[in-house]
1. How many residues are outside any loop (DSSP other than H, G, I, E, B) and either closer than 14 Å to S75 by Cβ or out of contact with any strand residue (DSSP E or B) (no Cβ under 8 Å at 6 or more places or on another chain) (or both) if we restrict to the stretch 145-166?
2. Can you pull out the residues in the stretch 115-135 that are farther than 16 Å from F76 by Cα and surrounded by 18 or more Cβ atoms within 10 Å (Cβ to Cβ)?
3. Here's a check for you: in the stretch 145-172, which residue that is among the hydroxyl-bearing types (S, T, Y) and farther than 18 Å from V225 by Cβ is modelled with the lowest pLDDT?
4. Any idea which of (1) more than 22 Å from G163 (Cβ to Cβ); (2) buried (at least 20 other Cβ atoms within 10 Å of the Cβ); (3) modelled with pLDDT under 95 is the one G50 doesn't satisfy?
5. Hey, any hits in the stretch 36-43 for a residue that's among the polar types (S, T, N, Q), assigned to a helix (DSSP H, G or I) and at pLDDT 95 or above?
6. Run down V72, V8 and say which single residue is surrounded by 12 or more Cβ atoms within 10 Å (Cβ to Cβ), of a type in the set (A, V, I, L, M, F, W, C) and touching a His at 6+ places or on another chain (Cβ under 6 Å).
7. Give me the pairs: first residue in the stretch 54-74 and over 12 Å from P29 (Cα atoms) and in contact (Cβ under 8 Å) with a residue 12 or more places away in the chain, second residue surrounded by 13 or more Cβ atoms within 10 Å (Cβ to Cβ) and small (G, A, S), beta-carbon distance under 7 Å, and six or more apart or on different chains, which are they?
8. Looking only at the stretch 174-219, count how many residues are charged (D, E, K, R), touching a residue at least 24 places away in the same chain (Cβ under 8 Å) and farther than 18 Å from I153 by Cα.
Amino acid sequence: MNLKGLEVINRMAKPRTQGLTWCIDDGMPLAGFRDVITSFHRHIDGVKFGWGTALVTDVIEEKMAVLKEYGVDYSFGGTLFEAYWAQDALDSFMNLVRQCDCPVVEISDGTVHLPSDQRHHLIRRFKEYCRVFSEVGSKSPEESAHWTAGDWIRQIKSDLDSGADLIILESRESGTAGLCLPNGEIRSDLTDGILSAAIDPSTLMFEAPNKTHQVYWIQKLGSQVNLSNVPLSGIINLETLRLGLRSDTFSLLVAPSLLMP
C-alpha cells in the first residue's frame, strides 16, 4: 500500500476478515467516545462494552447509534453473559442482545465454571441471531497457571467445531491472566504450543491491552493478526505498529540489514 509516497504493509479494508482491531470501552463519556469513533472508525472493527458497563451506562443506546453510523460492530463483555448465565437468566440476556441489535455475542467462562456441553449448546443457540465470539481462558491467575497448551487447543477446537466465528484468547484488560503471567509477561510456552497446532490463525483474536503485547503478536503473526481489548486511546498507535511505522515493528517496513544491531 502506498501511503503518501511510502510503501507500507497492505492492510485489508473494512469489512475485514483478518487484521481485526477490537477496542474496549470501559465507560468513556459520550462526547469523547463519539470523537474517537468519528475520527478513527476506519481503523476500528469493533467495540466491546467491557464487563458489565453496558448496564450502568445511561448513554449506551447513543453509543450504539454512533457505532452503527460508522460501521463499527459491538458486543457486551463476556462477564455480563456470565452474570446472566449464573442467575439462570439467559432468556433475558437474549432479549437484551436482540433489543440492542448486537451483531456479536461473546460467550466466556473466565469467572464461572460453565460446563462444556452447555457452552457448546449456547454457541449454537446464539449463532441463530448473530456472530459468536468464544473466549477461551480464565481470568484467575491461579487457574491460568494450571492450563497447558493442550488444554487451550482442545477448547479452541471444540468451540470452533460448535460454530464459534472467532476465538478470543484471554489476557484480561490488565494483561495479567490467561496467556499472561501476573507480571504481564506473555507465556511463550503456551503461545508456541497453540500456534503449532493445526488452527487457522485468522480464527483467533488475542487480547492485547498494551503496546508490549501488541508488538509481541505482530512480530509473531504479522500485521494481519486479530487483536482485542485495545484501549480507545491507543488506536492510532496500534495502526502504526501494524504498518511498521514505529521502531518496535520497523522490520516490517525495511530490510533487516538496514536496522541497528
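The values are calculated or read from the model by the stated rules, or taken from the named source; none is laboratory data. Model, not experiment: these values are computed from the prediction. Note that each Cβ is placed from the backbone with ideal geometry, even for glycine, and that neighbours are counted across all protein chains shown.
1. Count: 9.
2. The first filter runs over the stretch 115-135 and keeps only residues farther than 16 Å from F76 by Cα, leaving 115-121, 124-125, 128.
Matches in the stretch 115-135: R119, H120.
3. Across the stretch 145-172, the extreme among qualifying residues is T148.
4. Against the list (1) more than 22 Å from G163 (Cβ to Cβ); (2) buried (at least 20 other Cβ atoms within 10 Å of the Cβ); (3) modelled with pLDDT under 95, G50 comes up short only on (2).
5. Yes; the residues of the stretch 36-43 include at least one that is among the polar types (S, T, N, Q), assigned to a helix (DSSP H, G or I) and at pLDDT 95 or above.
6. On inspection, the qualifying residue turns out to be V72.
7. V72/G46; D73/G46; Y74/G46
8. Number of matching residues: 1.
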